[in-house]
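First up is the structure itself, then whatever we jot down about it.
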Amino acid sequence: MNKMSIYNYLEEKKAKGEKILSVFLTAGYPQKENFIQLALGVLESGADMLELGVPFSDPLADGPVIQASSAQAIKNGVTLNDVFAFCTEIKKRTQKPVVIMSYLNPLFHYGAGRFFEDYKKCNADGLILPDLIPEELPQFDEFGIPAEELAAFAAPTTPQERLQYIDSRRWSFLYYVGMLGTTGQAGAYSDEQIEKVRSVYSQIRNNKMLVGFGISGPEDVKKIREHCDGVIVGSLIIKKLAEHPGKFEPVYSIVSALKNGL
């Protein structure tokens, strides 16, 4: 399967009145050997897009659930080479977009030139670099990665002028951090948080907006679905994997329930 434009994919989904469910998995967790089976099962259960998280020892934006999964994946011996290999195999078997998510530290440790070369080869459809700000994008110009393959970030604390600046160019999508703090916080979205999501969504003109952080179940999805183009769920999925060792069905069930909530 060739690379697709996530922006266009989201456009097509919106034209059909559909909302996107993007699922985050820590690459190689819980086991390296059957990770591809897990990933394909998640897509078949209703996920519209898959994010493969590069295991990292110090994931600043991630809460304890994803941190623990990252530590286990590293213990499993998962490397960036493995992440690219996972992506290559998954892309052979799905028509849906697959995105790689990595902090900058593993990228630079691997070597930026080598990273982007292998990224292109693995047929990933996009890249999420949580600690990259738009102003730092030119440092990667030489590697030929267009902004339309990268996600941009915004949060409840992002000033309006900053939001307009981010939205002035086309990204693969805008990743809106619905709750401040790290991923996987407990508790449903409050009315105040939902209003903030609605307000930000109403200001976005050039991009599609997916909401992540703190989505704890289908009820949250139902609350915010009208105020975004889709949701990103990670910690809830990783937690299910941790609670049911060796069993993927509980994960597939929650993915289906989340999709039905959209």
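Going through the range 17-44 one residue at a time, which ones are farther than 18 Å from Ala242 by Cβ and of a type outside the set (A, V, I, L, M)? Spell out how you get there, then give the answer.
Here is the first cut: in the range 17-44, the residues farther than 18 Å from Ala242 by Cβ are 17-22, 36, 40, 43-44.
Selection gives Gly17, Glu18, Lys19, Ser22, Glu44.
Considering only the range 77-112, state which residues are among the aromatic types (Phe, Trp, Tyr) and under 17 Å from the mean Cα position of the chain (by Cα).
First, the residues of the range 77-112 that are among the aromatic types (Phe, Trp, Tyr): 84, 86, 103, 108, 110.
Residues satisfying the conditions are Phe84, Phe86, Tyr103.
When the range 15-37 is examined, which residues are found to be in contact with a Gly (Cβ under 9 Å, 6 or more places away or on another chain) and more than 21 Å from Pro218 (Cβ to Cβ)? Let's see the steps before the verdict.
Going through the range 15-37, the residues in contact with a Gly (Cβ under 9 Å, 6 or more places away or on another chain) turn out to be 18-32, 35.
Across the range 15-37, the qualifying residues are Thr26, Ala27, Gly28, Tyr29, Pro30, Gln31, Lys32, Phe35.
So, in the range 124-180, of the ones that are among the small types (Gly, Ala, Ser) and buried (at least 19 other Cβ atoms within 10 Å of the Cβ), which residue ends up nearest to Ala85 (Cα to Cα)? Lay out the reasoning, then the answer.
Of the residues in the range 124-180, the ones among the small types (Gly, Ala, Ser) are 124, 126, 144, 147, 151-152, 154-155, 168, 172, 178.
From what is left, the residues that are buried (at least 19 other Cβ atoms within 10 Å of the Cβ) are 124, 126, 151-152, 154, 172, 178.
Numbers: Ala124: 10, Gly126: 15, Ala151: 22, Ala152: 25, Ala154: 30, Ser172: 22, Gly178: 31 Å.
The residue in question is Ala124.
Please go through (1) modelled with pLDDT of 95 or more; (2) farther than 25 Å from Lys259 by Cα for Glu89 and return the number of the only condition it doesn't satisfy.
Going through the list (1) modelled with pLDDT of 95 or more; (2) farther than 25 Å from Lys259 by Cα, Glu89 breaks only (2).
Which one is surrounded by the most Cβ atoms within 10 Å (Cβ to Cβ) among residues in the range 228-243 that are among the charged types (D, E, K, R) and touching a residue at least 24 places away in the same chain (Cβ under 8 Å)? First the steps, then the outcome.
First, the residues of the range 228-243 that are among the charged types (D, E, K, R): 229, 239-240, 243.
From what is left, the residues that are touching a residue at least 24 places away in the same chain (Cβ under 8 Å) are 229, 239.
Numbers: Asp229: 22, Lys239: 18.
So, considering only residues that are among the charged types (D, E, K, R) and touching a residue at least 24 places away in the same chain (Cβ under 8 Å), the one surrounded by the most Cβ atoms within 10 Å (Cβ to Cβ) is Asp229.
Condition (residue is in contact with a Gly (Cβ under 8 Å, 6 or more places away or on another chain) and either assigned to a strand (DSSP E or B) or over 30 Å from Ile90 (Cβ atoms) (or both)) applied to the range 155-165: is it met by at least one residue?
To start, the set of residues in the range 155-165 that are in contact with a Gly (Cβ under 8 Å, 6 or more places away or on another chain) comprises 156.
Next cut, either assigned to a strand (DSSP E or B) or over 30 Å from Ile90 (Cβ atoms) (or both) only: 156.
Checking the range 155-165: at least one residue is in contact with a Gly (Cβ under 8 Å, 6 or more places away or on another chain) and either assigned to a strand (DSSP E or B) or over 30 Å from Ile90 (Cβ atoms) (or both).
Looking at the range 133-142, which of its residues are in a loop (DSSP other than H, G, I, E, B) and either in contact with a Gly (Cβ under 9 Å, 6 or more places away or on another chain) or within 8 Å of Tyr103 (Cα to Cα) (or both)?
Pass one, the range 133-142, residues in a loop (DSSP other than H, G, I, E, B): 133.
Of everything in the range 133-142, nothing turns out to be in a loop (DSSP other than H, G, I, E, B) and either in contact with a Gly (Cβ under 9 Å, 6 or more places away or on another chain) or within 8 Å of Tyr103 (Cα to Cα) (or both).
Considering each of Ile215, Ile224, Ile254 in turn, give the residue that is touching a strand residue (DSSP E or B) at 6+ places or on another chain (Cβ under 9 Å), more than 30 Å from Ser168 (Cβ to Cβ) and not hydroxyl-bearing (Ser, Thr, Tyr). Walk me through how you get there before you give the answer.
Numbers: Ile215 fails: more than 30 Å from Ser168 (Cβ to Cβ); Ile224 fails: more than 30 Å from Ser168 (Cβ to Cβ).
Within the list Ile215, Ile224, Ile254, the selection yields Ile254.
Find the residue count for the range 193-224, including only residues that are surrounded by fewer than 22 Cβ atoms within 10 Å (Cβ to Cβ), out of contact with any Lys or Arg (no Cβ under 9 Å at 6 or more places or on another chain) and part of a loop (DSSP other than H, G, I, E, B).
Qualifying residue count, the range 193-224: 4.
Taking the criterion of being modelled with pLDDT of 95 or more, β-branched (Val, Ile, Thr) and within 19 Å of Leu50 (Cα to Cα), would at least one residue in the range 197-212 satisfy it?
Yes, there is a match, as at least one residue in the range 197-212 is modelled with pLDDT of 95 or more, β-branched (Val, Ile, Thr) and within 19 Å of Leu50 (Cα to Cα).
The values are calculated or read from the model by the stated rules, or taken from the named source; none is laboratory data. Note that the coordinates shown come from a computational prediction; the quantities given were computed from them, not determined experimentally. Quick reminder, even Gly has a Cβ in these numbers, built from the backbone with ideal geometry, and neighbours come from all protein chains shown.
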